[in-house]
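The values are calculated or read from the model by the stated rules, or taken from the named source; none is laboratory data. Since we're looking at a predicted model, the values are computed, not measured. With ideal geometry, Cβ positions are generated from the backbone for all residues, glycine too; neighbour counts draw on all protein chains shown. Only protein heavy atoms, including side chains, enter the accessible area calculation; ligands, DNA and RNA are left aside. Shrake-Rupley method; radii C 1.70, N 1.55, O 1.52, S 1.80 Å.
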Amino acid sequence: MTPGLAGSPRIVVLTGAGISAESGVPTFRDAGGLWEGHRVEDVATPEAFELDPDTVQRFYDARRHAVASVAPNPAHTALAALERELGGDLLVVTQNIDDLHERAGSARVLHMHGELGRVRCVACEARSDAPGDLQPGPPCPSCGERMLRPDVVWFGEMPYGLDEIDVALARCEAFVAIGTSGAVHPAAGFVLTASAFGATTLELNLAESEITPFFAESRLGPASVLVPEWVGEVLGEAR
């Protein structure tokens with residue numbers, strides 16, 4: 001997402017792994033989300049990349065191929081429809097590194113944990129679209145060094161866009177969390193920030209999360225059902 005695009009949205013939506021799971025994307029915290037017996041911490045930290053870069057690259061290459069084989073679900077398309085109606089009054093902040101929001105038609109998406117389809121050069125810090133599989137070690141398009149890594153936020157690294165997110169949370173009228181575990185910070189604290197500034201808060205989740213008690217309202221069920229219903233309510237009020 002282009003820096004400065006957050007602006008002053010009326011509604012801020014936070015999406016987590018649950019929304020993508022309904023499209024068939026494995027979640028980090030599911031038992032089935034392990035890759036060849038590796039813990040996520042063994043393939044998603046700067047230390048892991050330094051110790052065994054080939055294993056880390058193969059992990060993300062496999063995830064990139066897996067995401068390419070699935071499609072956005074009704075929750076993604078409903079949020080894209082909401083953006084078409086509200087424009088700058090809606091901001092989607094996602095913890096997910098897939099591109100399902102964009103493929104559904106959303107443009108105002110802030111990927112706080114980076115993007116699977118992007119790479120960052122360890123040598124020159126340039127960011128660009130992934131040229132394909134990274135395990136063979138393709139050269140950086142900016143400096144030529146073969147030191148590309150996935151442009152994703154690993155454990156121990158700072159999420160992207162936190163200043164913009166804080167401003168949006170302070171100015172929004174409504175904050176909605178979809179498919180989040182409430183176990184990962186700083187995203188787990190967004191509901192408290194939005195509430196402190198007077199926003200109404202709503203959780204749409206398959207099951208209660210660790211932060212359910214902090215929301216004014218919580219609705220339980222599949223995102224592919226709950227999100228289109230909620231979007232319909234918002235659009236009905238807007239008209």
Legend entry - Orphan Cys of the chain, criterion: no other Cys C-beta under 4.7 Å: CYS172
Inset, instruction - Using only Cα atoms, locate the centre of region 83-120 and the centre of region 180-239, then give the distance between them in Å, rounded to an integer. - result: 17
Legend entry - Accessible area expressed per residue, the chain, with surrounding protein chains retained (probe 1.4 Å, Å²): 46
Inset, instruction - Would you calculate the volume per residue, in Å³, of the smallest convex hull containing every Cα atom of the chain? - result: 117
Legend entry - Quarter of the Cα convex hull surface for region 138-184, i.e. its orientation-mean projected area (nm²): 5.7
Inset, instruction - Could you check how many percent of all C-alpha pairs in region 83-193 are farther apart than 21 Å? - result: 45
Legend entry - From phi via Karplus (6.51, -1.76, 1.60), per-residue ³J(HN,Hα) for region 58-64 in Hz, x at Gly/Pro: 5, 4, 6, 4, 5, 5, 5
Legend entry - Length released on extending from ALA71 to GLU125, taking residue separation times 0.36 nm less the Cα-Cα span: 16.4 nm
Inset, instruction - With everything on Cα atoms, drop me the angle between helix 162-171 and the longest principal axis of the chain, reported from 0 to 90° to the nearest 10. - result: 0
Legend entry - the chain, accessible surface, carbon-and-sulfur percent (1.4 angstrom probe): 53
Legend entry - Lys, Arg +1 and Asp, Glu -1 on Cβ, resulting dipole of region 117-239 about Cα centre, debye, nearest 20: 320
Legend entry - Within the chain, percent of DSSP bridges classed antiparallel, to nearest 5: 25
